[in-house]
Amino acid sequence: TGLPMGGGKGGSDFDPKGKSEAEVRRFCQSFMTQLCRYIDASTDVPAGDIGVGGREIGFMYGQYKLLSNKHGEGVLTGKSLAFGGIHLRPEATGYGTVYMAKHAIEDKLKKSLDGTRCAISGSGNVAQYAAEMLMLLGAKVVTISDSNGVLVFENGMTSDDFDKFLDAKQVGRIRLGALEGSVSGKYIPDQSPWTLPDVQVDFAFPCATQNEIDEAGASLLMKKGCMGVFEGANLPVTAEGQNVFRTDRTFLYIPGKAANAGGVGVSGLEM
């Protein structure tokens with residue numbers, strides 16, 4: 001985007017699964033106590049990523065305010081509106097990825113997303129809102145996933161399925177496997193959307209983590225007739241997987257540097 005927001009990446013080995021909100025809050029506060037000396041609106045501006053959503057950003061920003069005695073600085077993005085956040089920041093990355101896909105498909109393939117079968121990996125912020133926008137544009141969302149397995153919606157996720165999925169992740173904070181039986185999808189443990197040979201996919205939206213589509217996954221997508229991959233996550237396709245996609249000049253492959261830049265763009269407005 002050209003925005004001067006730094007390019008640092010970092011994290012921790014803290015596993016929030018099964019932790020109480022108080023435990024997560026205390027960790028976020030301790031983490032910010034050490035991190036605060038390395039970040040600034042003119043140095044590096046962190047935002048949420050895997051395991052870090054609005055709740056965690058709020059905990060960290062509260063600690064930053066306590067330590068710095070400053071409020072309103074754009075030192076973290078993805079904040080709640082009460083802390084100086086911006087409307088549509090949670091949706092920005094997922095929506096932007098789908099908008100990029102829409103325009104590329106219409107321009108290069110002369111097709112529409114309407115009625116197409118779209119596979120999404122992940123169940124976090126990016127995956128949630130990519131699924132929402134795809135459904136609004138008439139596409140069928142056939143998969144969502146987490147680190148334990150994948151939910152497959154053979155006929156596409158319904159609006160009721162989506163509401164239950166969103167509640168499970170944003171409120172209940174439960175694993176996707178717990179949703180089986182309450183949604184129309186079938187849960188398959190220990191798999192990802194890129195390892196399922198029987199799920200037909202027109203377009204793929206990897207929105208989970210880095211290196212999730214390897215050479216075998218890319219080859220399987222091509223074999224199933226997938227026409228494009230749009231990266232919602234950062235570096236979700238390995239170098240070997242990228243080489244597979246590039247063997248077909250008509251295949252649409254848009255890396256995350258462009259496809260998921262909507263989040264960074266709105267973060268710039270938040271600052």
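The values are calculated or read from the model by the stated rules, or taken from the named source; none is laboratory data. Computed from a predicted structure; not experimentally measured. Quick reminder, even Gly has a Cβ in these numbers, built from the backbone with ideal geometry, and neighbours come from all protein chains shown. For the accessible areas, the whole protein counts, side chains as well, though only heavy atoms, and no ligand, DNA or RNA atoms are used. Shrake-Rupley method; radii C 1.70, N 1.55, O 1.52, S 1.80 Å.
Within region 37-65, residues that are hydroxyl-bearing (S, T, Y) reach partners that are open to solvent by 50 Å² or more (accessible area, probe 1.4 Å) and in a helix (DSSP H, G or I) with beta carbons closer than 7 Å, at six or more positions or on different chains, in the pairs Y61/F83.
Mind checking which residues of region 150-182 are at pLDDT 95 or above, of a type outside the set (F, W, Y) and open to solvent by less than 50 Å² (accessible area, probe 1.4 Å)? Residues satisfying the conditions are V150, L151, V152, G156, M157, D161. Within the option set K65, K79, K17, being farther than 19 Å from G268 by Cα and part of a loop (DSSP other than H, G, I, E, B) holds for one residue only, K17. Within region 129-141, the residues that satisfy the criterion of being surrounded by 24 or more Cβ atoms within 10 Å (Cβ to Cβ) and touching a residue at least 24 places away in the same chain (Cβ under 8 Å) are Y129, A130, A131, L134, A139. Within region 234-267, being surrounded by fewer than 17 Cβ atoms within 10 Å (Cβ to Cβ), within 19 Å of the chain's Cα centre (by Cα) and in a helix (DSSP H, G or I) holds for K257, A258, G265. Scanning for something within 19 Å of G185 (Cβ to Cβ), crowded, with 23+ Cβ neighbours inside 10 Å and of a type in the set (S, T, N, Q), does region 113-121 turn up at least one residue? Looking for residues that are within 19 Å of G185 (Cβ to Cβ), crowded, with 23+ Cβ neighbours inside 10 Å and of a type in the set (S, T, N, Q), one finds at least one in region 113-121, hence yes.
For region 183-195, name all the residues that are crowded, with 19+ Cβ neighbours inside 10 Å, of a type outside the set (F, W, Y) and either in a loop (DSSP other than H, G, I, E, B) or without any contact (Cβ under 8 Å) to a residue 40 or more places away in the chain (or both). Walk me through it before giving the result.
Of region 183-195, the ones crowded, with 19+ Cβ neighbours inside 10 Å are 183, 185, 187-188, 192-194.
Narrowing further to those that are of a type outside the set (F, W, Y): 183, 185, 188, 192-193.
Result: V183, G185, I188, S192.
In region 49-58, the qualifying residues are those that are part of a loop (DSSP other than H, G, I, E, B) and open to solvent by 40 Å² or more (accessible area, probe 1.4 Å), and the one that is modelled with the highest pLDDT is V52.
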